[in-house]
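What follows is a single structure, written as structure tokens, with notes after it.
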């Protein structure tokens, strides 16, 4: 069941990722299709260092919100980092890993959630800047 708190957590994490210049950010509503989470956030970094920086920023904003991830996997290698926050799962990919694993394709039936402003404009700007 989607809650306002889950959506607010997703937005908080999305903003932290965008602040570190994550691009091609998408929020998928997966709650109707799985009990794993309500939302998946998928975004990309241009290097393993940037992937790690995005993840650190997400951890920092969650800590300020007094939320601790249940698990963080893949941080050391910086190719695909999964941050499990229970109702929100964040996938931060290095470019080639994102193409290879194709999370959006695997969850193609899950609708993409439109980001509100100013997040939407920031995400669009980052997508255009990397094209």
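Points to keep in mind about this one:
- Inter-label distance for residue 121 and residue 35, nm, one decimal - labels placed 7 Å from Cα along Cα-to-Cβ: 4.3
- Here the spin labels are modelled as points 7 Å beyond Cα on the Cα-Cβ line, and at residue 112 and residue 70 they lie 2.7 nm apart.
- Contact order for region 1-124, expressed relative to its length and based on alpha carbon pairs under 8 Å spaced 6+ residues apart, stands at 29 percent.
- Shape call, region 51-116: gyration tensor on alpha carbons, a/c limit 1.5: oblate
- Where only DSSP H runs of four or more residues are counted, the chain gives -13000 deg cm²/dmol as its mean residue ellipticity at 222 nm, each run worth -39500 (n - 2.57).
- Mean projected area of the Cα convex hull of region 4-101, taken over all directions, amounts to 5.7 nm².
- For peptides 52-62, 28-38, 104-114, 74-84, sequence by mean Cβ density within 10 Å, most packed first: 52-62, 74-84, 28-38, 104-114
- Given R0 = 25 Å, the distance between the Cβ atoms of residue 19 and residue 100 translates into a calculated FRET efficiency of 0.45.
- Inter-centroid distance (Cα atoms) of region 1-23 relative to region 48-99, Å: 12
- Difference of contour (0.36 nm per residue) and Cα-Cα distance, residue 3 to residue 60: 18.3 nm
Every number here is computed from the coordinates shown, using simple stated rules; none is lab data. Owing to the predicted nature of the structure, the values given are computational and were not obtained by experimental measurement. As a convention, Cβ positions derive from the backbone with ideal geometry for all residues, glycine included, and neighbour counts pool all protein chains shown.
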